[in-house]
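Structure, as structure tokens:
The values are calculated or read from the model by the stated rules, or taken from the named source; none is laboratory data. Keep in mind it's a predicted model, so treat the numbers as computed, not measured. All Cβ positions, glycine included, derive from the backbone under ideal geometry; neighbour counts span all protein chains shown. Calculation scope for accessible area: heavy atoms of the full protein, side chains included, ligands and nucleic acids excluded. Shrake-Rupley method; radii C 1.70, N 1.55, O 1.52, S 1.80 Å.
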Amino acid sequence: MITRRTLLKNSAATSLTLAAGGLAAPAIAQGAKIKLGYVSPQSGPLAAFSEADQFIIDGFLGSEAGANFEVIVKDSQSNPNRAAEVAKELILDDEIDLMLVASTPETTNPVATTCEAEEIPVISTVAPWQPWFIGQQGNPGDPSSWEPFYYSFHFFWGLEDVISVFTAMWNQLETNKQVGGLFPNDGDGNAWGDPNVGFPPVLAEQGYGLTDPGRYQNLTDDFSAQINAFKQANADIVTGVPIPPDFTTFWTQAKQQGFNPKAASIGKAILFPQAVEALGDQGHNLSSEVWWSPTHPFNSSISGQSAGDLAAAYSNATNKQWTQPIGFVHALFEMAADVMGRTHDTGDADAVAEAIAASQLESIVGRIAFDGAGLPPFAAQNVAKTPLVGGQWRLKDGGDYDLVIVDNTDHPNIPTGSKMEPIS
């Protein structure tokens with residue numbers, strides 16, 4: 001059988017790519033439903049990423065767009081090995097037509113790798129594109145060996161975007177430009193601290209000094225070595241990408257040991273209000289990347305809801321504060337509906353992959369198109385970039401926190417609500 005992989009390897013031009021739009025309705029047997037597999041970390045230390053999953057899936061299945069779909073959900077348990085196992089179950093036992101996966105390279109990468117090997121189309125999100133793409137290469141340290149994927153597609157922002165956002169926020173403050181790096185020994189940490197594609201070369205170009213004490217293991221209970229290194233460097237700024245429980249440990253110990261930087265811009269760990277609330281009043285003015293918020297000027301292609309409407313619907317249904325993954329998990333299912341609506345045979349993996357490659361979707365997180373915009377050639381076929389801005393957590397009366405956008409330099413269409421403030 002000639003597969004998409006064979007066709008693309010034997011042809012420099014992907015002339016079989018389907019034109020976006022104008023395709024027939026999904027070709028499915030009478031009474032049959034399109035099977036979607038969905039993997040995310042619903043338990044374990046990354047579980048906060050999946051808090052809104054059920055709300056999004058229920059909304060999708062209850063919509064007109066979701067009427068022809070069945071969604072089979074699997075928990076990665078925040079474990080890469082488990083993620084690969086359940087991906088294989090979905091492919092071999094459940095015989096899914098399309099895989100969806102979200103939340104950190106520890107989940108997205110093993111699922112995408114499994115799908116690529118099994119030639120099953122997969123769309124992933126909520127992981128910077130570099131650890132997703134480079135982390136799956138046989139030799140991540142040799143760019144000349146990197147190859148595109150044939151069934152795996154990913155939409156999110158990249159390290160170049162978060163570095164731009166973080167430095168723009170820091171440039172609003174008076175600091176000594178000394179930065180402490182808190183990078184764990186995982187897919188994100190190794191990418192963020194990488195001397196070639198991570199923070200080090202860009203910070204050096206902008207006149208920042210970086211103190212990197214080296215990689216630590218997730219769920220570390222003592223950050224004294226890192227804190228001492230940052231204190232010795234007189235670091236005014238801390239950045240990094242720890243998992244939520246590790247940042248709580250680090251920040252609590254930093255305060256106990258008298259380390260008080262002017263800015264702490266942290267990926268992953270403080271994306272969620274409950275993670276910041278766990279710090280009490282010590283979370284005020286912590287900063288982070290903002291991938292999605294109620295003020296983002298985008299609408300759902302499924303429901304027509306604005307970002308604000310979707311966030312409000314989540315809060316009304318759950319009595320919980322909105323969180324950033326709401327938008328991107330919703331967008332995954334927007335992609336599924338759009339792709340399968342443009343596929344002539346939803347049971348044909350090659351046809352589904354071609355439809356994904358041709359996507360030009362205006363979604364709740366912005367435009368998703370695998371057109372290579374803003375990407376190096378090696379990733380252009382598989383990655384679609386989405387916008388990124390910067391925000392700070394502000395403590396309100398009563399102990400709750402608001403995430404306020406404080407920098408939109410790279411995407412001025414997303415409104416700011418304040419300016420960057422130093423940690424008091």
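When Ala269, Ala263 are checked against the criterion of being under 15 Å from Trp192 (Cβ atoms), open to solvent by less than 10 Å² (accessible area, probe 1.4 Å) and touching a helix residue (DSSP H, G or I) at 6+ places or on another chain (Cβ under 6 Å), a single residue qualifies: Ala269.
Taking region 200-250 as the range and being small (Gly, Ala, Ser) and over 14 Å from Pro184 (Cα atoms) as the test, the residues that pass are Ala204, Gly207, Gly209, Ser224, Ala229, Ala233, Ala235.
Restricting attention to region 153-193, the residues that are farther than 22 Å from Thr416 by Cβ and free of Cβ contacts under 8 Å to residues at least 60 places away in the same chain total 8. Please enumerate the residues belonging to region 224-278 that are small (Gly, Ala, Ser) and at pLDDT 95 or above. Within region 224-278, Ser224, Ala225, Ala229, Ala233, Ala235, Gly240, Ala254, Gly258, Ala263, Ala264, Ser265 meet the criteria. Against the list (1) touching a residue at least 40 places away in the same chain (Cβ under 8 Å); (2) under 21 Å from the mean Cα position of the chain (by Cα); (3) not in a loop (DSSP other than H, G, I, E, B), the condition Met340 fails is (2). Scanning region 146-204 for residues that are assigned to a loop (DSSP other than H, G, I, E, B), more than 25 Å from Gln226 (Cα to Cα) and of a type in the set (Phe, Trp, Tyr) gives Trp146, Phe149, Tyr150, Tyr151, Trp157. Residues that are open to solvent by 10 Å² or more (accessible area, probe 1.4 Å), out of contact with any Asp or Glu (no Cβ under 9 Å at 6 or more places or on another chain) and under 24 Å from Pro412 (Cβ atoms) do not occur anywhere in region 339-349.
Open to solvent by 30 Å² or more (accessible area, probe 1.4 Å) and either without any contact (Cβ under 8 Å) to a residue 60 or more places away in the chain or within 19 Å of the chain's Cα centre (by Cα) (or both), is that true of Lys419? When the stated conditions are applied, Lys419 does not pass them.
In region 145-168, how many are open to solvent by less than 10 Å² (accessible area, probe 1.4 Å) and of a type outside the set (A, V, I, L, M)?
Within region 145-168, residues that are open to solvent by less than 10 Å² (accessible area, probe 1.4 Å) and of a type outside the set (A, V, I, L, M) number 10.
The residues of region 19-43 that are modelled with pLDDT of 95 or more and open to solvent by less than 50 Å² (accessible area, probe 1.4 Å), listed by number, are Ile34, Leu36, Gly37, Tyr38, Val39, Ser40, Pro41, Ser43. Scanning region 208-252 for residues that are in a helix (DSSP H, G or I), open to solvent by 30 Å² or more (accessible area, probe 1.4 Å) and either more than 28 Å from Ser43 (Cβ to Cβ) or in contact with a Phe, Trp or Tyr (Cβ under 8 Å, 6 or more places away or on another chain) (or both) yields Ser224, Ala225, Asn228, Lys231, Gln232, Thr249. Among the conditions (1) more than 23 Å from Ile57 (Cβ to Cβ); (2) open to solvent by 20 Å² or more (accessible area, probe 1.4 Å); (3) in contact (Cβ under 8 Å) with a residue 24 or more places away in the chain, the only one that Gly390 does not satisfy is (2). The strands (runs of 3 or more DSSP E) falling completely within region 358-418 that include 2 or more residues that are modelled with pLDDT under 95 map to 401-407. For region 278-300, the tally of residues that are under 21 Å from His411 (Cα atoms) and either open to solvent by 40 Å² or more (accessible area, probe 1.4 Å) or without any contact (Cβ under 8 Å) to a residue 60 or more places away in the chain (or both) stands at 4.
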